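A.B. asks: There's a structure below that I have some questions on.
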Amino acid sequence: MPEGHTIHRLAADLVAVFADRTVRASSPQGRFSDGSAALEGARFIDAQAYGKHLVITFARARRTLLLHVHLGLYGDLAVSSLKPREGPPEPWGQVRLRLVGAGGFADLRGPTACELLDPGQLDALIARLGPDPLRLEDDERRAWQVISRSASPIAVLLMRQDVVAGVGNVYRAEVLFRLGIDPWTPGRELARTMWRRIWRDLVTLMAQGVDVGRIDTVRTKHLPERTGRAPRRDRHGGEVYVYRREAQPCLVCGEPIRRAELAARNLFWCPACQSRPH
DNA sequence: GTGATATGCGGAT
DNA sequence: TCCGCCTATCACT
């Protein structure tokens, strides 16, 4: 499930399985029947991630088709390869879209968005996103334009996709912990150098997330000293310092991790480690 | 079986 | 700031 690293990894998986091949498309659940009919028999060209948005390009009869997928909170895209002459299994659960090619198949479940876009709509989508730490052509400057003028807490700004694209609740909590930043620090009180450090650590953490397929912030070139306590390992599979570790001792100082609701999302932080006066 | 929960986001209030 | 949506999973009864 989906912060930006998941989507970038899925894009790479899709390319590995489908690139330059013809796909069969269906909507076993029936809620994307028109779209799957349009995609049936198209050739897969490319898949790209922009923050948490996945864009798959197809060509059919000299026309370009752009499929936009956003997984939202519970969406899942399962990409699997198939051996030669092996067929895909029967779909299980609510499959919005199934793509089948000679090399494998992909099942999309529970997305917030699954739609065909025209080029103008895709441009508009990308234009409203901030820089993505996982896209090489992006850098932190555009985000700083917003952050340096905002009274909102840095914890809120990091979740805004028009400020930074691809950061979710886990990376937000973890990057602030790793740099010892009080999550309630207003953006405009953050030092320029501190914002650059946040961006650089997001690049490190999220690239690592793409590589290993999970969020693992404790073993990733971490900054704070670790004690002997076991980090949290949950079904996300990774090891984290503070995310969903409410009331458990901080891995660094032992202080209980705190949780608060902020902009309708859970925020986790260590009140002792994260008090840096920016 | 039931209910709570979730890495998200857009639209109404 | 709140609500609704989409779905699977896990801890309960």
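The values are calculated or read from the model by the stated rules, or taken from the named source; none is laboratory data. These numbers were taken from a predicted model, which means no experiment stands behind them. Don't worry about glycine lacking a Cβ; one is built from the backbone with ideal geometry, like all the others, and counts go over all protein chains shown.
A.B. asks: Whether any residue in the stretch A:154-163 is in contact with a strand residue (DSSP E or B) (Cβ under 6 Å, 6 or more places away or on another chain) and under 20 Å from A:H8 (Cβ atoms) is what I want to check.
C.D. replies: No; the residues of the stretch A:154-163 include none that is in contact with a strand residue (DSSP E or B) (Cβ under 6 Å, 6 or more places away or on another chain) and under 20 Å from A:H8 (Cβ atoms).
A.B. asks: So in the stretch A:95-142, with the set limited to residues that are within 16 Å of DNA strand B (Cβ to nearest atom) and of a type in the set (V, I, T), which one is surrounded by the most Cβ atoms within 10 Å (Cβ to Cβ)?
C.D. replies: Among those that are within 16 Å of DNA strand B (Cβ to nearest atom) and of a type in the set (V, I, T), it is A:I126.
A.B. asks: Among the residues that make up the stretch A:194-216, is at least one of them surrounded by 13 or more Cβ atoms within 10 Å (Cβ to Cβ), in a loop (DSSP other than H, G, I, E, B) and modelled with pLDDT of 90 or more?
C.D. replies: no
A.B. asks: Say whether the condition of being aromatic (F, W, Y), assigned by TED's automatic domain parsing to the domain that holds A:M206 and over 19 Å from A:K52 (Cβ atoms) is met by at least one residue in the stretch A:85-103.
C.D. replies: No, because not a single residue in the stretch A:85-103 is aromatic (F, W, Y), assigned by TED's automatic domain parsing to the domain that holds A:M206 and over 19 Å from A:K52 (Cβ atoms).
A.B. asks: Would you confirm whether any residue within the stretch A:191-201 is over 24 Å from A:V240 (Cα atoms), more than 16 Å from DNA strand C (Cβ to nearest atom) and touching a residue at least 24 places away in the same chain (Cβ under 8 Å)?
C.D. replies: Yes, the stretch A:191-201 has at least one match.
A.B. asks: On to the next question. Looking at A:G51, is it surrounded by 15 or more Cβ atoms within 10 Å (Cβ to Cβ) and on the phi > 0 side of the Ramachandran plot? Lay out the reasoning, then the answer.
C.D. replies: Numbers: surrounded by 15 or more Cβ atoms within 10 Å (Cβ to Cβ): yes; on the phi > 0 side of the Ramachandran plot: yes.
For A:G51, the condition - surrounded by 15 or more Cβ atoms within 10 Å (Cβ to Cβ) and on the phi > 0 side of the Ramachandran plot - is met.
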